[in-house]
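First the structure, in the form of structure tokens, and then the observations on it.
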Amino acid sequence: MLTSKMSDMGTAVHDESSAAKRKPWLMRIGIGLFAAGMVAVVAVFLLFAAGYSELPVWLSAAAGVITPLGLALGLISLVREHRRA
């Protein structure tokens, strides 16, 4: 009985790893861009809270452009994947 439970756990882990390998490349790019944009947003908030009033333009642009771009790519990837299925 214990052996059958262990083998079920092994297949569940295997199924999850195979699902991660099938993630579309557009979704991976979207997740990466969204994460980088969120880091920029947090950096802008922290620098502003620390009293810096003149933040670099590239940081503000990254926070304002990269985050929604990553979100848009992720949503496009979801729609494309749903239409394929």
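Any read-out appearing in this document is the output of simple, stated calculations on the displayed coordinates, not a laboratory observation. Treat the numbers as computed from the prediction; the structure is a model and nothing was measured. Here Cβ is always computed from backbone atoms with ideal geometry, including for glycine, and neighbour counts include all displayed protein chains.
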**Fill in**
Simple spin-label estimate for I76/L47, 7 Å along Cα→Cβ, in nm, reads 2.8
**Fill in**
Each label sits 7 Å from Cα toward the beta-carbon; between A85 and L69 the label points are separated, in nm, by 2.8
**Asked** What nm distance separates the two modelled labels at M38 and W25, each placed 7 Å from Cα along Cα→Cβ?
**Response** 2.5
